[in-house]
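J.: The following block contains the structure, expressed as structure tokens.
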Amino acid sequence: MKCKNIVCFTIAWVCMFNLFVGFISCSRDQYINECIDINDKYDENKYKFNLINLWGGKAAVVDKGGYYLFQGDILLKKHELDTLSTRGAARIDKRWDNNKVYYVLSGFPSQYSANIFSAMANIEENSYLRFIPRLENESNYIELVYENKDEWVAYSDYIGCKGGKQEIHLSNDACEIVGVIIHELCHALGLYHEMCRVDRDDYVKIDFSVMNDEERHQFKTYTDLEEEGVDVGNFDFNSIMMYSSFMNDKVVMTKLDGSIIIAQRAKLSSGDKVALAKAQPAVLYTFYSYYTEDGNIDSDLKYQRVKYLRCPEGANIKFKFQQYFSPSSASWGNYSLEDFDIKTTISFINDDSGEIFQSKLIPMKQTSGYEDSFFTIQFPEGRYRVIVSLSGAVKGESNSSKLSVLKKIMYNPRIYLHLEQVLINNLKIKIPNGFEYPADVRSETFISI
Ligand SMILES: [Zn+2]
């Protein structure tokens, strides 16, 4: 079985994106910065610039009649604000229950639905979140609404889980760029714009003098908001939540050395992944299978299974290794275990670097039942491919009878690698068991051969 390569898949995706940018970069940057209705020009009489109480602090918003526009692409309905403003810091207080995000797609042509699914897959692969179609009237959900317009529409109406229905609106141009969809989804998952961080002046220079009020308000920090829930690691120029230097054909923001900032809209950055892990930490800890990767192998002399682990900072994981190996004496013929080299290799490969983080080699021994052993690993933040591989070889000189015995007994071993205990920053994270959770979740707590 030939395995597909996740790295190539990702690189191809990025290359395609760069090609795309080559043709449309200026207008795309401008569109992304504008993030809403580009034809709806700023008009002082039409909009009022207000400071309102929001999530426990003051926030600068543009009054658009029935709603406020916050940070360029976040809509806050006025009639909902009274309840919102008393809810405290939004980002970590407004989490999705059990990391499940229910959604409904309204009116999207199929090619745009496919882009939405790509965006969701990118988030799922790099967070603890799961997007699930809303089929049973789940109370909290996102409605993604298709705006069949030539003008630019891309906005999210809440930071985090609003409670009840919340909306993301996307027009044709916005649907073309998977990263724009990821960006809007990330607002609904609890992420603000990167350049609105409290510490942003240590990283960027913002030229307010060339901006109008509506542009200016998009660069307000949320200093006055509760600190808890807005701390997301270091400032990250590569964040999918970062704006570019350009707004309406003007340079409005640069790096401190004056160089131009390009807004990446391809995929979550490593900083975004950490931010998402803080916004929506693990509630259940499991392995997971990744659908574009198939490293599973079944052959006469090798059996291999692959699953993934996503580890935030401070992950300390205890594994239980179980082996059961008791071939009948008839199976051995004239040989014994001494004549063969049968072993299990467990490899933890950092999926970002492709490097082996740790590898364990466990020789097979004959057992009378299941035998357990334990080991604990402290993981740096990242996603790890966990490969459990059982392989057999003939020791010394091979011959056909030795080889046929080996092939026969290679069917015999039973191997399990279980998640035994998970601590994230010393906090014990629940591992699902078969009694409380559906079997498909339970099966993601071990790798078996
Ligand atoms: Zn945004």
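J.: What are the ³J(HN,Hα) values, in whole Hz, obtained from phi via the Karplus relation 6.51 cos²θ - 1.76 cosθ + 1.60 with θ = phi - 60°, for each residue of the stretch 296-307 in sequence order, with x given for Gly and Pro?
T.: Going residue by residue, I get 6, 9, 10, 9, 4, 10, 8, 10, 9, 10, 10, 9 Hz, with x marking Gly and Pro.
J.: Ordered by packing density, taken as the mean number of other Cβ atoms within 10 Å over each peptide's residues, highest first, how do 104-115, 410-421 rank?
T.: Packing order, densest peptide first, comes out as 410-421, 104-115.
J.: Please report the net charge: other residues with Cβ closer than 12 Å to the Cβ of D97, K and R +1, D and E -1.
T.: The answer is +3.
J.: So, counting K/R as plus one and D/E as minus one, what does the shell of residues with Cβ under 9 Å around S347 add up to?
T.: Surrounding charge for S347 is +2.
J.: Now, a different point. If R0 is 56 Å, what FRET efficiency do you get for V210 and L337 from their C-beta distance, rounded to 0.05?
T.: 0.15
J.: Right, something else. What number comes out for the charge environment of V204, summing +1 per Lys or Arg and -1 per Asp or Glu over other residues with Cβ under 12 Å away?
T.: Charge balance near V204 sits at -3.
J.: Could you give the accessible area per residue of the stretch 297-448, probe 1.4 Å, as a whole number in Å²?
T.: 50 Å²
J.: How would you order 128-140, 151-163 from highest to lowest mean count of nearby Cβ atoms within 10 Å? Mind showing how you got there, number by number?
T.: Values: 128-140: 14.0, 151-163: 22.6.
Most protected by this proxy first, the peptides run 151-163, 128-140.
The values are calculated or read from the model by the stated rules, or taken from the named source; none is laboratory data. Being a predicted model, the structure only gives us computed values, none of them experimental. As a convention, Cβ positions derive from the backbone with ideal geometry for all residues, glycine included, and neighbour counts pool all protein chains shown. Ligands, DNA and RNA are stripped out before the accessible areas are found, and what is left, the full protein with its side chains, is counted by its heavy atoms. Shrake-Rupley method; radii C 1.70, N 1.55, O 1.52, S 1.80 Å.
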